[in-house]
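For reference, the structure discussed in these notes is given below.
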Amino acid sequence: DQQVKQNSPSLSVQEGRISILNCDYTNSMFDYFLWYKKYPAEGPTFLISISSIKDKNEDGRFTVFLNKSAKHLSLHIVPSQPGDSAVYFCAARANAGGTSYGKLTFGQGTILTVHP
Amino acid sequence: KAGVTQTPRYLIKTRGQQVTLSCSPISGHRSVSWYQQTPGQGLQFLFEYFSETQRNKGNFPGRFSGRQFSNSRSEMNVSTLELGDSALYLCASSLLGPRGYTFGSGTRLTVV
């Protein structure tokens with residue numbers, strides 16, 4: 001049962017353009033969402049997060065949008081740079097009375113390639 | 001400050017053997033979580049420890065176990081290894097839960 005899904009295994013974008021990575025979830029108990037970036041042979045690196053009480057969070061070139069009614073979130077990268085080429089994972093945390101702090105449910109990842 | 005350190009980086013084991021992986025969290029971090037990454041599956045949650053207590057457990061068989069020591073260092077153990085256990089095992093530490101998660105570089109386990 002895949003509760004967090006990234007339906008696009010890969011995305012190719014031209015440098016300077018916008019990259020949009022999508023993520024869908026099914027568990028209504030998820031209250032916090034995160035995006036991680038991963039390079040080969042390294043662990044994931046935290047990028048940006050959003051609480052379920054918000055619909056948008058921005059940090060520099062990265063913006064995350066949350067549509068709770070559609071159970072959908074997206075990560076926008078503007079402008080895209082070749083150094084952004086990596087695997088991007090979305091992750092979600094369920095609020096279970098404060099007992100699930102450390103348990104994140106991850107999507108399968110999207111490989112982003114930004115061409116110069 | 002030093003990051004999350006996982007040892008060893010690479011490991012090759014034979015089916016049926018057991019293996020122990022180690023994780024040293026960032027100094028001061030009391031929460032340590034373990035994840036398994038396999039191609040096409042993303043990261044699957046294994047377990048989380050906080051102050052030496054297992055706080056959460058994922059849907060893995062009992063062959064997968066872990067523990068945390070008083071200095072917050074954590075180990076995970078896999079017994080009776082199967083070919084399907086070949087994966088990248090990632091450890092993450094945090095001060096207050098996933099908002100501040102920092103991952104290590106992982107241990108690449110290959111079971112032959």
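The values are calculated or read from the model by the stated rules, or taken from the named source; none is laboratory data. Just so it is clear, the structure is predicted and the values come from calculations on it, not from any experiment. Heads up, the Cβs are rebuilt from the backbone with ideal geometry, glycines too, and the neighbour counts pull from every protein chain shown.
Below are the figures for this structure:
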{"read-out": "Given (1) within 20 Å of B:Ser93 (Cβ to Cβ); (2) of a type in the set (A, V, I, L, M); (3) modelled with pLDDT of 95 or more, number of the condition B:Ile26 does not satisfy", "value": "(3)"}
{"read-out": "Count - residues of region A:72-110 that are surrounded by fewer than 16 Cβ atoms within 10 Å (Cβ to Cβ) and either at pLDDT 95 or above or more than 19 Å from A:Gln3 (Cβ to Cβ) (or both)", "value": "7"}
{"read-out": "Among the candidates A:Asp24, A:Asp31, residue that is part of a strand (DSSP E or B) and either in contact with a Lys or Arg (Cβ under 6 Å, 6 or more places away or on another chain) or over 21 Å from B:Tyr35 (Cβ atoms) (or both)", "value": "A:Asp24"}
{"read-out": "Tabulated pairs, region B:69-87, first closer than 15 Å to B:Ser33 by Cα, second among the β-branched types (Val, Ile, Thr) and surrounded by 12 or more Cβ atoms within 10 Å (Cβ to Cβ), C-beta under 6 angstrom, 6+ apart or interchain", "value": "B:Ser74/B:Val32; B:Glu75/B:Thr20; B:Asn77/B:Thr20"}
{"read-out": "Residue check, B:Tyr35 of a type in the set (Phe, Trp, Tyr) and surrounded by 15 or more Cβ atoms within 10 Å (Cβ to Cβ)", "value": "yes"}
{"read-out": "Candidate set from region A:1-43 (those that are under 10 Å from the mean Cα position of the chain (by Cα) and of a type in the set (S, T, N, Q)); member that is farthest from A:Lys54 (Cα to Cα)", "value": "A:Gln6"}
{"read-out": "Test: A:Leu34 is buried (at least 18 other Cβ atoms within 10 Å of the Cβ), within 11 Å of chain B (Cβ to nearest Cβ) and at pLDDT 90 or above", "value": "yes"}
{"read-out": "Neighbours by Cβ (under 7 Å, 6+ apart or cross-chain): first from region A:57-78, on the phi > 0 side of the Ramachandran plot; second in a strand (DSSP E or B) and surrounded by 16 or more Cβ atoms within 10 Å (Cβ to Cβ)", "value": "A:Lys71/A:Asp24; A:Lys71/A:Tyr25"}
{"read-out": "Restricting region A:35-73 to residues that are part of a strand (DSSP E or B) and among the aromatic types (Phe, Trp, Tyr), the residue that is farthest from B:Ser93 (Cα to Cα)", "value": "A:Phe65"}
{"read-out": "Residue within region B:89-98 that is at pLDDT below 95, surrounded by fewer than 19 Cβ atoms within 10 Å (Cβ to Cβ) and within 14 Å of chain A (Cβ to nearest Cβ) present", "value": "yes"}
{"read-out": "Criterion (surrounded by fewer than 16 Cβ atoms within 10 Å (Cβ to Cβ), more than 12 Å from chain A (Cβ to nearest Cβ) and either within 20 Å of B:Leu11 (Cα to Cα) or β-branched (Val, Ile, Thr) (or both)) met by exactly one of B:Val112, B:Val78", "value": "B:Val112"}
{"read-out": "Residue count for region B:30-53, restricted to those that are more than 10 Å from every other protein chain (Cβ to nearest Cβ), farther than 28 Å from A:Ile111 by Cα and either touching a Phe, Trp or Tyr at 6+ places or on another chain (Cβ under 9 Å) or modelled with pLDDT of 90 or more (or both)", "value": "3"}
{"read-out": "Filtered residues of region A:58-71 (kept if surrounded by 17 or more Cβ atoms within 10 Å (Cβ to Cβ) and within 14 Å of chain B (Cβ to nearest Cβ))", "value": "A:Val64"}
{"read-out": "One residue from B:Val4, B:Val19 being within 14 Å of another protein chain (Cβ to nearest Cβ) and among the aliphatic types (A, V, I, L, M)", "value": "B:Val4"}
{"read-out": "Within region B:54-65, tally of residues that are under 30 Å from A:Ala86 (Cα atoms) and more than 11 Å from every other protein chain (Cβ to nearest Cβ)", "value": "2"}
